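Notes follow the structure.
Read the figures in this text as sums done on the coordinates, not as results from a lab. Since the structure is predicted, the reported quantities are computational estimates derived from the model, not experimental observations. Reconstructed Cβ throughout: ideal geometry from the backbone, glycine too, with neighbour counts over all protein chains shown.
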Amino acid sequence: MKKLVLLLLLVASFSVKGQTSLYENPEFDKVAQNHKAIAIMPFETVVSLRKKQMKKMTTEDLKRLEKQEGKSIQIAMYSWFLKRKKRGKLKTIEVQDPKKTTALLKKKDITQDNMSDYTPEELAQILGVDAIISGNYKTSKPMSEGASVALGLLVGFWGSTNSATVNMSVHNAEDGVLLWNYNKKVKGSIGSSPEDLINKLMRKASRRLSYTKKK
């Protein structure tokens with residue numbers, strides 16, 4: 001019986017909660033025709049823990065946790081694009097490996113701490129891409145495996161239901177114009193992961209994303 005309950009929780013790992021907001025620039029399709037490469041930035045992340053949980057964590061611990069979550073979402077998004085490319089559902093663009101993105105930014109002393117000080121055009125120029133995907137992510141419980149295990153051991157956070165709100169954008173490198181924005185709130189449970197989150201978010205949104213639209 002317990003196995004059956006767990007299975008059902010895994011299947012229903014994420015469910016829609018709240019409104020979905022999707023914006024598409026009328027010129028996105030036209031502009032994207034000239035794009036050859038895009039890069040995905042680490043997401044700005046806020047993990048909202050309860051006071052009781054924070055008693056066993058320092059501010060530095062929480063910051064490290066949030067940075068790890070932001071990187072996990074970045075990698076999950078990269079993986080999502082690679083899968084679409086393998087299936088022939090991604091137009092002729094290259095998606096920059098997050099490792100290369102991190103290395104190029106590091107050479108300019110740009111980190112997750114000061115990334116917001118730079119404009120989309122500046123970041124795109126440094127990375128040598130035609131557009132960047134960036135966003136922010138708020139959750140009540142981390143979903144990356146390492147962070148979840150660490151938090152579970154530290155504050156006994158196993159099996160808690162979590163909610164997450166993701167706001168992601170695509171900015172054009174040439175002029176920094178917003179081409180696409182997607183905001184959605186989901187609810188997760190046991191078995192949730194960054195990959196689950198991105199798959200759920202992009203299931204419908206990808207139909208309005210120029211890089212993955214059907215012809």
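Do the alpha carbons of any pairs in 67/100; 107/184; 86/204; 85/141 sit beyond 27 Å of each other, and which pairs? Show your work: numbers first, answer last.
Working: 67/100 17 Å; 107/184 33 Å; 86/204 19 Å; 85/141 31 Å.
Those over the limit are 107/184; 85/141.
Stretching residue 59 away from residue 177 to a fully extended chain increases their span by 39.0 nm, per 0.36 nm per residue minus the current alpha-carbon distance.
Sort 39-45, 23-29 for me by packing, meaning the mean count of neighbouring Cβ atoms within 10 Å per residue, highest on top.
Result, highest mean first: 39-45, 23-29.
Ignoring aspartates and glutamates fewer than eight residues from residue 108 along the same chain, the ones with Cα atoms less than 13 angstrom from its Cα are 117, 122.
Ordering 118, 59, 73 by Cα displacement along the dipole of segment 44-134 toward the positive end leaves 73 in first place; charges were set at the Cβ atoms of Lys, Arg (+1) and Asp, Glu (-1).
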